[in-house]
Each structure stands twice: as structure tokens, then as C-alpha cells.
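J.: Provided herewith is a single structure, encoded as C-alpha cells, for subsequent inquiry.
Here, each number is a calculation from the coordinates, and none is a lab measurement. Owing to the predicted nature of the structure, the values given are computational and were not obtained by experimental measurement. Backbone-built Cβ (ideal geometry, glycine too); neighbour counts: all protein chains shown.
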Amino acid sequence: MYAEERRQQLVQLAREDGRVAVTDAAKRFDVTPETIRRDLEALDRAGLLQRVHGGAMLPNSNFLGDLGLGERDASASAEKDLIARAAATLLPADTEDVNRAIILDAGTTTARLAELFPASARWTVFTNSLPIASALSSRTQVAVELVGGRVRGLTQACVGGHAVERLANIRVDLAFLGANGVSLDHGLSTPDGDEAQVKRQMMRSARKVVLLADARKLGAETTTRFAGLDEMDVLVTDAITATQSEKLTKLGIEVVTA
């Protein structure tokens, strides 16, 4: 195999798994670790991968970091709309069933999902998002429960011990969550530790967990891990590689492509 072919495959591996390890790649291509290191350094210089200790990652793997709502909302807008519409098919069929309880995580994709709630919906919705709580309470018959706590100005999300405690004392049918990173090694991640605690408890409080994540986040990693991949039940995304889908399916995760 020519060096250029090997390097192309290294980039593809990083796109599928989020990172490339020198030792694993050396065995895969039957070359020395030093050869792989040279390949990764060349790819780093070309801006195709980012060299890290022991291997390489996708460049700017933390590019979906702690951004404000306005900046996030304008990013991948069409993809988020597709994901929200696909996620809406997972909502309870009976809009007037007041016994149905749902968690909606703060985020721009979950906010789009909230916009698709039928006006006649009378479910109980727990959320840590000020914008989502406002939108649902003004447009639908949903019983909105804002979990409370300290409000992060950047994301308009309630965080802290009060929010976690409130969520710990409930049990819901469905939880729709967002994440900044979704990778095999690091699991589900987000930049802020306080928001990670809330997300972690949301997952524990739900019978079924649905993650909404656009394709840019698959393979990406951010600072704080809040769950393993196998702790979610469904992934709704706009695009996914066959390899990524196969690995998630083996973990028992349903993959819905919008």
C-alpha cells in the first residue's frame, strides 16, 4: 500500500471512531509505529488530523464547545430541523394523555423538537431550558415543570444541585437529550461540568433515552463525559457512516437517520 492510500484510510478511521491510535494502526496496516507517526504528523501538517499523545484525532474535535444559543442555533440549522422532525415521530401518539411525562434537555435541537409539539398536547414536560419552558407554556397545553437551579447565561440552562435533586425524584417515559460529543472512547460529552451532571441525572430518570445529535458530533469529544454510549436507547442524527451505525447497533442502540 502506498503512503498516500494509507493516510487516506487513517483519516477515514478517525472520522468513524473519533481518533486513531498509533499501536492499533500499525497492526492494522502491518507497518512500524514510527511509520504511522510520520503519517499522522504529515496529516497534522495538512490540517486533516490533529496530533495528540498516542495517536491523532479529528482537527478541532472540540469545535462544538461552549457556544451561546444564538451561535449554536445558526449552526447546522437545516440538519437540526431534520433531526427534530424525526425525533417527533417518537413522541406519544395520544396528545391528551396527561400521564405521559417527558424530559427535554436544554439545546437548540431539542428546542426545535419542542416547536413540533402539538398545540393539543397535555403531557407533563420537565426541562432545564428557559426558552423551551417559555415556548411550550405559551403555545401548548403541556404542563411544564422547570427544574430550577442556577441559570447559565450562555446556554439558558438550569444547572446545579437543585436541578439535579429535582430530576432525581421523578420518573419519566422519555428523555430527549443533546450532546456536544459522541465517541466510542469518551462516550457522550459536553464542555460544562454542571450541565453534564444534569444530563447524567436526566438519563437516570428516564425509561427511554433518545439522543439528538447531528453528524458533526459523531466521533467528536468535549471535556466532560456524562454517559457511556450504551446508556442511550436511540440516536437520532442526520447522517452516519455504516461503520458507526454498526458499532452503535452492536451496543443495542437504535439508530434513526433523518
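J.: Kindly rank 171-184, 138-151 from highest to lowest mean number of other beta carbons found within 10 Å of each residue.
T.: Order by mean packing, descending: 171-184, 138-151.
J.: Gap in Å between the Cα centre of the stretch 83-101 and the Cα centre of the stretch 119-151?
T.: 14
J.: Can I ask one more? Among ASP30, ASP238, ASP17, which one shows the highest mean-square fluctuation when the chain is modelled as a Gaussian network with alpha-carbon springs under 10 Å?
T.: Of the options given, ASP30 has the highest mean-square fluctuation.
J.: With runs of 4+ DSSP H residues as the only contributors, calculate the mean residue ellipticity of the chain at 222 nm using -39,500 (n - 2.57) per run, divided by the residue total and rounded to the nearest 500.
T.: Estimated from H runs of four or more residues: -11500 deg cm²/dmol.
J.: Round to the nearest 10 and give me the degree value, 0 to 90, for the angle of helix 193-204's Cα axis relative to the longest principal axis of the chain.
T.: 70
J.: Given the Cα atoms of the stretch 67-166, and with Rh set as the inverse mean 1/r over their pairs in the Kirkwood sense, what is Rg to Rh to two decimals?
T.: Taking Rh as the inverse mean 1/r over Cα pairs, Rg/Rh reads 0.97.
J.: Using Cα-Cα distances under 8 Å and only pairs 6 or more residues apart, what relative contact order does the chain have, in percent?
T.: The value is 17 percent.
J.: Here's another thing I want to ask about it. Report the relative contact order of the stretch 97-193, percent, no decimals, based on alpha-carbon pairs under 8 angstrom and at least 6 residues apart.
T.: Result for the stretch 97-193 is 29 percent.
J.: Let me ask something else. Based on DSSP, what percent of beta bridges with both residues in the chain are antiparallel, to the nearest 5?
T.: Close to 40 percent.
J.: Rg to Rh ratio, the stretch 114-236, alpha-carbon atoms and Kirkwood radius?
T.: Reported Rg/Rh, Kirkwood definition of Rh: 0.96.
J.: Right, something else. Using θ = phi - 60° and the Karplus form 6.51 cos²θ - 1.76 cosθ + 1.60, what ³J(HN,Hα) does each residue of the stretch 11-26 get, whole Hz, x for Gly and Pro?
T.: 5, 5, 4, 5, 5, 7, 10, x, 7, 10, 9, 4, 5, 5, 5, 4
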